[in-house]
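Asks: Just dropping this structure here.
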């Protein structure tokens, strides 16, 4: 692990919940997703949450981090070596943890986070979401997992979960595994209850 940057931006005593945020680093998204990632970053910083995310300066990831930092928030990155080699790591974070693989990134983010918010994203985001859901289902994750269903992005995934439940492949109520919120205020209010 390599740690860079300064942790002096906010005294640690003033920090609240450490929230792991899963989202995309793609630069090919609709601008509406970037704008909402910025809103999420600002809202988490204003709520006193620190952010743990994938460490990239690009895409929704970069917008989330930049917006939180502009609000004086604390942002921690966890980036695999291959992304670091592409020079897409964010240089303005309180901490940057370098890991060797996506598997290690998920484990490190889990270690550093007290709750999770899942924003719209691609295969990497889906992988992170399903892993934390599986850990919740088998009792190895007790941390809240919040699916931010912005613009109903996650509706097809939620329909799949309902089908799996109907077929007896998921035995627990979905609400026991993930919380689904359509509105950013509800995401932040749920997190605020954990502070």
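Asks: Inside segment 67-81, can you point out the residues that are modelled with pLDDT under 95 and more than 14 Å from residue 57 (Cα to Cα)?
Replies: Result: 81, single match.
Asks: Given the condition surrounded by 11 or more Cβ atoms within 10 Å (Cβ to Cβ), in contact with a strand residue (DSSP E or B) (Cβ under 7 Å, 6 or more places away or on another chain) and part of a helix (DSSP H, G or I), answer yes or no: does some residue in segment 168-182 qualify?
Replies: No, because not a single residue in segment 168-182 is surrounded by 11 or more Cβ atoms within 10 Å (Cβ to Cβ), in contact with a strand residue (DSSP E or B) (Cβ under 7 Å, 6 or more places away or on another chain) and part of a helix (DSSP H, G or I).
Asks: Among the residues of segment 36-52, are any closer than 21 Å to residue 193 by Cα, touching a helix residue (DSSP H, G or I) at 6+ places or on another chain (Cβ under 6 Å) and in a strand (DSSP E or B)?
Replies: yes
Asks: Can you name every residue in segment 132-149 that is in contact with a helix residue (DSSP H, G or I) (Cβ under 6 Å, 6 or more places away or on another chain) and either loosely packed, with under 15 Cβ neighbours inside 10 Å or under 14 Å from residue 21 (Cα atoms) (or both)? Walk me through how you get there before you give the answer.
Replies: The initial filter retains those residues of segment 132-149 that are in contact with a helix residue (DSSP H, G or I) (Cβ under 6 Å, 6 or more places away or on another chain), namely 141, 145-146, 148.
If the condition is that a residue be in contact with a helix residue (DSSP H, G or I) (Cβ under 6 Å, 6 or more places away or on another chain) and either loosely packed, with under 15 Cβ neighbours inside 10 Å or under 14 Å from residue 21 (Cα atoms) (or both), then 145, 146, 148 are the ones that fit.
Asks: Limited to segment 1-29, what total is found for residues that are more than 24 Å from residue 132 (Cα to Cα) and either at pLDDT 85 or above or crowded, with 22+ Cβ neighbours inside 10 Å (or both)?
Replies: Qualifying residue count, segment 1-29: 3.
Asks: So which residues in segment 67-86 are touching a helix residue (DSSP H, G or I) at 6+ places or on another chain (Cβ under 7 Å) and over 16 Å from residue 108 (Cα atoms)?
Replies: Once the filter is applied, which keeps residues that are touching a helix residue (DSSP H, G or I) at 6+ places or on another chain (Cβ under 7 Å) and over 16 Å from residue 108 (Cα atoms), segment 67-86 yields 67, 68, 71, 72, 73.
Asks: Next up: Of all residues in segment 105-129, count the ones that are over 20 Å from residue 76 (Cβ atoms) and out of contact with any helix residue (DSSP H, G or I) (no Cβ under 9 Å at 6 or more places or on another chain).
Replies: Summing the residues that are over 20 Å from residue 76 (Cβ atoms) and out of contact with any helix residue (DSSP H, G or I) (no Cβ under 9 Å at 6 or more places or on another chain) in segment 105-129 gives 2.
Asks: Within segment 70-115, can you find the residues that are in contact (Cβ under 8 Å) with a residue 40 or more places away in the chain and within 20 Å of residue 46 (Cβ to Cβ)?
Replies: Within segment 70-115, 72, 73, 74, 76, 92, 93, 94, 113, 114, 115 meet the criteria.
Asks: Among the residues of segment 47-57, which ones are over 13 Å from the mean Cα position of the chain (by Cα) and modelled with pLDDT of 95 or more?
Replies: If we filter segment 47-57 for residues that are over 13 Å from the mean Cα position of the chain (by Cα), which is where we start, we get 47-48, 57.
Result: 57, single match.
Asks: Could you count how many residues in segment 30-53 are within 23 Å of residue 132 (Cβ to Cβ) and either surrounded by fewer than 18 Cβ atoms within 10 Å (Cβ to Cβ) or touching a residue at least 60 places away in the same chain (Cβ under 8 Å) (or both)?
Replies: From segment 30-53, those within 23 Å of residue 132 (Cβ to Cβ) are 33, 36-37, 39-41, 43-45, 47-53; that's our starting set.
Narrowing further to those that are either surrounded by fewer than 18 Cβ atoms within 10 Å (Cβ to Cβ) or touching a residue at least 60 places away in the same chain (Cβ under 8 Å) (or both): 33, 36-37, 39-40, 43-44, 47-49, 52.
Matching residues across segment 30-53 total 11.
The values are calculated or read from the model by the stated rules, or taken from the named source; none is laboratory data. Since the structure is predicted, the reported quantities are computational estimates derived from the model, not experimental observations. Note: ideal-geometry Cβ built from the backbone for every residue, glycine included; neighbour counts use all protein chains shown.
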